[in-house]
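Comments concern the structure below.
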Amino acid sequence: MNEPIRVIRHMLVGLGFGYCTGLLGVGGAPLVMTYLFMDLSDGKEQKVIGTTLCAITAPSIVGMGVHWSLGNIVWPMIPVLCAGSLVGGLSGAQAAMLVDGEVMRYGFSVFLAILGGNTLCKAKAIKFLLGR
């Protein structure tokens, strides 16, 4: 693919997942991971994960700053959540090097399906349509 077109495509994808991260607080990582699974030709899931983590850092920091300025952060929870996230991130990154790429793709897909199903079930519109 033409390099300037590829750069523009990457920027547009970045714009989309940055917007989702700022709007929803989540969404950037699944979007960029899916995009990278399709874009990277070497099939290394570990590279997809590492690249995703780097790509979502900037919009996460910017989104955090905006939500901080709006008073939308529950500060007493932050130290405990961060401590758990640091330990989980370290152990998860080490585990990623041991797990087969296809297993990781399958696990990621199942995780997103469960998360999406749970969110859908809690949505007021779905409850209304189901008569609950």
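Remarks
- Taking the average, over residues, of other Cβ atoms within 10 Å as the packing measure, peptides 97-109, 45-57, 76-88 rank 45-57, 97-109, 76-88 from highest down.
- Options (1) -1.01, -1.10; (2) -0.94, -1.15; (3) -0.74, -0.89 - which one matches log10 I(q)/I(0) by the Debye sum over Cα atoms at q = 0.15, 0.17 Å⁻¹ as calculated here: (2)
- Centre separation in Å (Cα based) which lies between the range 89-111 and the range 1-75: 18
Taken together, the values in this text are just the output of simple stated rules run on the coordinates, not laboratory data. Because the structure is a prediction, the values reported are computed rather than measured. We place every Cβ from the backbone using ideal geometry, glycine too, and count neighbours over all the protein chains shown.
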